[in-house]
Amino acid sequence: MSDPSLSQSMKKRILHIDMDAFFAAVEQKRRPELEGKPVVIGGQGDPSKRGVVSTANYEARKYGVHSAMPMKTAYKMCPHAVFLPVDYEAYSSASVKFKEVLRNVSPVMEDVGIDEAYLDVTDIPVTNEEITGRIKAGIKEKTGLTCSIGIASNKLLAKIASDMQKPDGVTLLMEADVETKLWPLPVRKLYGIGPKTEEHLKSINIETIGQLAALPLEKLLEHFGNSYGQYLYEAARGIDQSPLVTRWEPKSFSRETTFQEDVRDWQVIARTLADLSKDVVQDLQGHQYKARTITIKIRFSDFETFTRAMTISDYTDSEEEIRKSAFACLKRIELKKKVRLVGVRASNFQGRNKDEQHYPEVLDRLI
Ligand code: TTP
Ligand code: MG
């Protein structure tokens, strides 16, 4: 772009809004007696039972408690925390309210998850302070909760920015800040880099985004293939031209269960798989989707985890067909140890999900 004024006028202003300690904050809002106490949300809310931490508030995080950690470990780290079960209905209703506030600020919104969204405010002629102030006040009024906001010229940088000053922060990340602010961060902070890519990069001594940016394009293409290699090359430089996807569409529906005690009995595993398939089918039918790919997940007692996927020839929402596919996947896993967890996922929806092939890591994180 040779005309700088033109490139300037085409620059976008994208916000990424992410709620602070979301599940815990909703619980604290409706139970004022939790004020100032460490709070851990997960599973059935009983740390002596199985289940993982969905989230912990900032007080509990000081003790090392974090999402995805077994509840029992959280209890060891912070026995005086208040442990609560997950109440999705309450969190979904807060989520709907906060997204309404955003939609009233700008109709160009991408809904990315229960507690986060992107908002394109390029065409709204007010300052960053004004717009972020308006959003924070609106969310506070409708939900009583706080959020953190990132502002940048694209989604990639806006998401990184929203995480930089949590909780209740506002962070502007300019393209000129890429070297000083983006490059020192670990590669995992980049959207689309999951544990596998992180591991791969570590094996070639790449740990920070700056080190990734120092790799020549050819090397990235050689290690990660054309599409993903090119993506990493650009992402490390803060380049992202992906548009906001304004109509929210789920990419998959999945359900999983952790047994209270590890199971060896095939009948129990099979029955659980059938029940989970039924739940997934209800999700599909409820949202009027049909899927072609069924994936199952089996985690053994020693945490070794296997997934097996099957893609069928026609899109379906039939319970029988999905259950049969799940069982066909189960046959491909040797049940040589006791099983801790079973999961089922339906994805690859009709006419959708074109992106998934490009970002295998994003898919990995969904199941
Ligand atoms: P996050 O935005 O990752 O976490 P958070 O909102 O609790 O905390 P932060 O202030 O750092 O943003 O996730 C949003 C919600 O999603 C979180 O409150 C609980 C849920 N969640 C899980 O159930 N399991 C997980 O592993 C993670 C990361 C989140
Ligand atoms: Mg959050």
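For the peptides 119-127, 183-191, residues were scored by their other Cβ atoms within 10 Å and the scores averaged per peptide; the highest-first order is 183-191, 119-127.
In deg cm²/dmol and to the nearest 500, what is the mean residue ellipticity at 222 nm of the chain if only DSSP H runs of at least 4 residues count, each as -39500 (n - 2.57), divided by the residue total?
Working: 14 runs with 143 residues, N = 367.
Counting only the DSSP helices, I get -11500 deg cm²/dmol.
Using Cβ counts within 10 Å as a stand-in for footprinting exposure, how do THR55, THR180, THR258 rank, fewest first? Each step should come with its number before you reach the end.
Working: THR55 23, THR180 9, THR258 17.
Result, fewest neighbours first: THR180, THR258, THR55.
For segment 10-134, what ratio Rg/Rh do Cα atoms give with a Kirkwood hydrodynamic radius? We get a ratio of 1.08 for segment 10-134.
Residue-wise HN-Hα couplings along segment 113-130, as the Karplus relation 6.51 cos²θ - 1.76 cosθ + 1.60 with θ = phi - 60° gives them from phi, are x, 4, 10, 8, 7, 9, 9, 8, 10, 3, 8, 9, x, 9, 6, 4, 4, 5 Hz; Gly and Pro carry x.
Two numbers describe the Cα atoms of the chain: Rg and Dmax, which are 22.0, 69 Å.
Under 5 Å from the amide H of VAL52 lie the amide H atoms of GLY43, MET71, each residue being 5 or more positions distant or on a separate chain, with H modelled from the backbone and absent for Pro and chain starts.
Provide the FRET efficiency to the nearest 0.05 for the VAL268-GLU100 pair, computing r from the beta carbons and using R0 = 56 Å.
0.85
Rounded to the nearest 5, the antiparallel percentage of DSSP beta bridges internal to segment 101-231 is 60%.
Quick note: the coordinates plus some simple rules give every number you see, no bench work behind them. Remember, predicted model here, so these are calculated numbers, not experimental data. Reconstructed Cβ throughout: ideal geometry from the backbone, glycine too, with neighbour counts over all protein chains shown.
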